[in-house]
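Asker: Please see the structure below; I have some questions.
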Amino acid sequence: MNWYDFAVQFADLQWDRTAGNSRKNTSKALTATTVALLRTPPTGFRPVDVRTALREFAFNTKRRQEAPPEVLTILRWVERNTLSMAAWEDPAKVDGVLRAFDVRLDGTRAAASSVKRNRRVLNVAMEHAVKRKVLRTNPLPKGRGTAPKTSSAVDKRAILNTGQAARLLGWVRGRTRGGPRLHAFFALLYYTGPRPEEAVAMRVRDIRLPAPDVADQWCELLFHTAQPEVGKNWTDNGAIHEERGLKGRAADDTRVVPGHPSLTRILREHIKDEKLKPSDLLFQGEKGELLAGSVIRRAWRSARVTVLTPDEFASPLGKRVYDLRHTRLTKWLNDGIPPAQVAEWAGNSVPILLAIYARCVSGQLSELKKRMEAGEDLPELPDVG
């Protein structure tokens, strides 16, 4: 068996077991590996065309039968020119594949997270080869130091302060096209910290708003579904988004998060202005469809370009829409809300929450010093002279 045939079989095996993003990541890792295991570089095709054929068709179970003639020609050439599985017995070949993960197409160094993800996919493939008795042992190196180090901690420079968040959201609200609608979406991210794919999946009935004449104007938000954007080529039904449960939770798990009175006012106005029914999506595109990630990212980038200084725009400050979630969770921790409660609202475990946000907790040093001073004085000892 050559590597290409094995990789195609492995991609098919993983297809029904994994979600859209995992399918895409599997294809990317197998593509990089296959290119590294070619006997000779392609001469009759452009390298980018070879990679595209592999990534978008060879290792895509759904699209392989739809490959156009020019792609089939490339894939037949790849199949003839790929090394056999015996190549994994050669440590030099293994090192060559792993080095290929370290470099992007333009020659620059790949992100550590990308390298680690590719190695993880390849390791699963090697374990499958051992199970199928195609290989005797897993040839990938094991142990500390064999993969690049990655950090899950949030960059403090990405966190927005209250004034910056207010200016960015204010600019979005005044945007000519869909401004109020997008403002409500970003406000929900800022005040309650969900993942963006959880926010776009919300229905009006998932919001519990108090009556206008009630003194306590805090609202409640119920999160139970996510709609990550994975691309129509990687979902079973051809939709751009893939509906699934909350990240890292059981399929029917839910969580309830309190919403600040300011968010209550924003959502109440949003539902009224958009004339939304309880079963409607809370945040919609212009034609009533799911709010597109491209629209969200474009609006947020325009806000940063307009509101931030050139230095701030070039920095990590609020660079991603996801940084609104990071900002809220950091603020909760800095406000002294217990980590267990923040983790519950965020949909994380306490260890993961602290690993991600511990470096961003600030403003509590004075109180902590007082606590430490209270118990640090040594007792007076009798004079033994």
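The values are calculated or read from the model by the stated rules, or taken from the named source; none is laboratory data. Just so it is clear, the structure is predicted and the values come from calculations on it, not from any experiment. Cβ coordinates were reconstructed from backbone atoms using ideal geometry, including for glycine residues, and neighbour counts include every protein chain displayed.
Asker: Which residues, counting only those in the stretch 82-113, are polar (S, T, N, Q) and at pLDDT below 90? So that I can check it myself, show each step before the final result.
Answerer: Here is the first cut: in the stretch 82-113, the residues polar (S, T, N, Q) are 82, 84, 108, 113.
Across the stretch 82-113, the qualifying residues are Thr108, Ser113.
Asker: Just for the stretch 237-257: of the residues that are hydrophobic (A, V, I, L, M, F, W, C) and not in a loop (DSSP other than H, G, I, E, B), which one is surrounded by the most Cβ atoms within 10 Å (Cβ to Cβ)? Full working, then the answer.
Answerer: Of the stretch 237-257, the ones hydrophobic (A, V, I, L, M, F, W, C) are 239-240, 246, 250-251, 256-257.
Retained after the next criterion (residues that are not in a loop (DSSP other than H, G, I, E, B)): 256-257.
On the way: Val256: 13, Val257: 19.
Checked the stretch 237-257; the qualifying residue surrounded by the most Cβ atoms within 10 Å (Cβ to Cβ) is Val257.
Asker: Looking at the stretch 25-61, which of its residues are under 21 Å from Glu229 (Cβ atoms) and of a type in the set (D, E, K, R)?
Answerer: Lys28, Arg55, Glu56
Asker: With the structure loaded, tell me whether Trp234 is of a type in the set (Phe, Trp, Tyr), surrounded by fewer than 18 Cβ atoms within 10 Å (Cβ to Cβ), in the same structural domain as Ala187 (by TED's automatic domain parsing) and more than 25 Å from Lys156 (Cβ to Cβ) or whether it fails that test. Don't jump to the end; show me each part of the working.
Answerer: Numbers: of a type in the set (Phe, Trp, Tyr): yes; surrounded by fewer than 18 Cβ atoms within 10 Å (Cβ to Cβ): no; in the same structural domain as Ala187 (by TED's automatic domain parsing): yes; more than 25 Å from Lys156 (Cβ to Cβ): yes.
Answer is no for this residue.
Asker: With respect to Leu168, is the statement that it is in contact with a strand residue (DSSP E or B) (Cβ under 7 Å, 6 or more places away or on another chain), of a type outside the set (Lys, Arg) and surrounded by 13 or more Cβ atoms within 10 Å (Cβ to Cβ) true?
Answerer: Values: in contact with a strand residue (DSSP E or B) (Cβ under 7 Å, 6 or more places away or on another chain): no; of a type outside the set (Lys, Arg): yes; surrounded by 13 or more Cβ atoms within 10 Å (Cβ to Cβ): yes.
No.
Asker: Right, next: Restricting to the stretch 309-324, what's the tally of residues that are out of contact with any Leu (no Cβ under 6 Å at 6 or more places or on another chain) and under 20 Å from Pro228 (Cβ atoms)?
Answerer: Residues of the stretch 309-324 out of contact with any Leu (no Cβ under 6 Å at 6 or more places or on another chain): 309-317, 319-323.
Right, trim to under 20 Å from Pro228 (Cβ atoms) and you get 319-323.
Count: 5.
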